[in-house]
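Structure record follows, encoded as structure tokens.
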């Protein structure tokens, strides 16, 4: 009986794999075509059609793109902004999440609802007030404009709050009996327990900031402050019909996030569901 059940499960698995395989090909083919086109010249991209294997592979398109603009500077700008925002969220989001999850204070429910409501406001509605504020603060073309607004993202606070709510209250009570201060409880007990949730926060925050385009496009008008996405957008070959160079730009933009996803997809997927299964 058990053997028959195993065979039935294996059969269902094979059938499901067979059904999903065409969808996998449909999803991954455009990415493979993009990468393949970077090794072709402009004529080959058109004449070879959707062939994934270049007949005469070359790195010429990469040399042209990388020698035209200081992409290393853009890369460093993106890295600085992404790491700074990640560091800020690692510090401030757990603090706020702990307060909303385990502490009692006047207006707690109101402030939490207010926090969630900010996630429902389209960013396009507040861009003009933010733009005017940044001009008044002289934050245009500075790292402050790209970093400070995201140091404690509402989604990060929500994620931390949901996770901390699942931690037993007994460990906090035991620490208080032992004479631990509020800061000591958070730093020595709560924070070390946030490892899995912290991994999700770090990865998702890094990906979101690295891929950010509209915000740095609006608030960095000088090329020395452009992030990688803005630098690729302003690359001349991307605006013209030079398809292989455009594919190089797209590949350079997608490569870091693709690597992060391949190595940390378990944490990314768990981050998409953690808010739904906790609380």
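Here are the numbers for the structure shown:
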{"item": "Complete set of residues in region 122-133 that are exposed (fewer than 10 other Cβ atoms within 10 Å of the Cβ) and part of a loop (DSSP other than H, G, I, E, B)", "result": "122"}
{"item": "Residue 26 being in a helix (DSSP H, G or I), in contact (Cβ under 8 Å) with a residue 40 or more places away in the chain and farther than 30 Å from residue 171 by Cα", "result": "no"}
{"item": "Residue in region 44-63 that is closer than 26 Å to residue 215 by Cα, touching a residue at least 24 places away in the same chain (Cβ under 8 Å) and within 28 Å of the chain's Cα centre (by Cα) present", "result": "no"}
{"item": "Close pairs (8 angstrom Cβ cut-off, 6 or more residues apart or separate chains): within 20 Å of residue 112 (Cβ to Cβ) and assigned by TED's automatic domain parsing to the domain that holds residue 122 in region 139-160, at pLDDT below 95 and not in a helix (DSSP H, G or I) anywhere", "result": "154/119; 155/119; 158/119"}
{"item": "Any hit, region 204-220, residues being outside any helix (DSSP H, G or I), modelled with pLDDT of 90 or more, in contact with a helix residue (DSSP H, G or I) (Cβ under 7 Å, 6 or more places away or on another chain) and surrounded by fewer than 16 Cβ atoms within 10 Å (Cβ to Cβ)", "result": "yes"}
{"item": "Members of region 233-269 that are surrounded by 14 or more Cβ atoms within 10 Å (Cβ to Cβ), farther than 20 Å from residue 209 by Cβ and at pLDDT below 65", "result": "237, 238"}
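The values are calculated or read from the model by the stated rules, or taken from the named source; none is laboratory data. What you are looking at is a predicted structure, and each value in this text was computed from that prediction instead of being measured. When we count neighbours, we look across all protein chains shown, and the Cβ atoms used for this are built from the backbone with ideal geometry, even at glycine.
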